[in-house]
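None of the figures in this text is laboratory data; all of them are computed from the coordinates on show. The model shown is predicted, which means the values in this text are computed figures rather than measured ones. Cβ placement follows ideal geometry from the backbone for every residue including glycine, while neighbour counts extend to all protein chains displayed.
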Amino acid sequence: MKRFSEDSDQNKNPVLRVLVRTLSDVNSLLEIGSGTGQHAVYFGAALPHLSWQTSELEPQHASILAWLDESELPNVLLPIILDVGQEWPNTSYDAVFSANTAHIISWPQVEMMFRGVGRVLHKGGLFVLYGPFNFAGKYTSESNGRFDAWLKQMDQKSGIRDFEQLNRLAEENGMLLEEEVLMPVNNRILIWRRC
């Protein structure tokens, strides 16, 4: 069943502008948490040089497959099962992309995600992470504060993550911050490069 995410639709163009310039010389990419499949299809169509590997928990695969079937894009690959706390693919990638995942999963899962990314990225590869982030323990807007409260009401283990803690995880797993891009609606794209 093909699902639709309003958030994915609203942020696709600003995110794509960053991806086009950032991934121009990238050949292979793993998307962590492909969700409905919308981003993979939209970005894959705009980046035909790039092999885009979708991934998700198995219950989400039906929607991703529906989007892929409709798009018929040769460079967007069928989803693999990926739970950040379980076995990761035995493949290396030039880049890893993930949107709106770090604040949904628990902190131990965030730690496992960064460890996994550090393992699957080629040397010089990029980790591109999109979402809301705190800086110095503070929200970047009142709306992010309300969003964080809502997240914690839904699941106490979720919540907007502090940039400094994420950057520490990246460094512990062999990645250095290359760029921080301000995005609409109080979001950011953080880009780390594997050393």
With the label point 7 Å along the Cα-to-beta-carbon line of Lys152 and a cut-off under 20 Å to each amide N, the hits in the range 104-121 are 104-111
Of Leu50, Asn13, Asn187, which is farthest towards the positive pole of the chain's charge dipole, taken about the Cα centre with +1 and -1 on the beta-carbons of Lys, Arg and Asp, Glu respectively? Asn187
Pick from Pro79, Pro184, Pro132 the residue whose mean-square fluctuation is largest in a GNM of the chain, springs joining Cα atoms under 10 Å. Pro184
Nearest-20 debye value, the chain charge dipole, Cβ charges on Lys, Arg, Asp, Glu: 320 debye
Amide H to amide H, which residues 5 or more places from Ser51 or on other chains are under 5 Å from it, using H placed in the peptide plane? Ser28, Leu29
dims of the range 1-122, Cα set, principal axes, largest to smallest, nearest Å -> 33, 33, 25
List the residues whose amide H sits under 5 Å from the amide H of Asp162, counting only those 5 or more places along or on another chain, with H placed 1.01 Å from N in the peptide plane. Asn134
Let me know the shape class of the range 59-195, please: from the alpha-carbon gyration tensor, a ≥ b ≥ c as square roots of the eigenvalues, rounded when a/c is under 1.5, otherwise prolate if a/b is greater than b/c, or oblate. oblate
Please find the FRET efficiency linking Ala66 to Arg115, where r is the Cβ-Cβ separation and R0 is fixed at 30 Å, and quote it to the nearest 0.05. 0.45
Of all DSSP beta bridges with both partners in the chain, the antiparallel percent, nearest 5, is 45 percent
Helical contribution to [θ] at 222 nm, DSSP H n ≥ 4, -39,500 (n - 2.57), averaged over the chain, rounded to 500: -12000 deg cm²/dmol
Please name whichever of Leu30, Gly131, Leu177 sits farthest to the positive end of the charge dipole of the chain, dipole taken about the Cα centre and charges placed at Cβ: Lys and Arg +1, Asp and Glu -1. Leu177
Relative contact order (percent, whole number), the range 6-194, Cα cutoff 8 Å, 6+ residue spacing: 19 percent
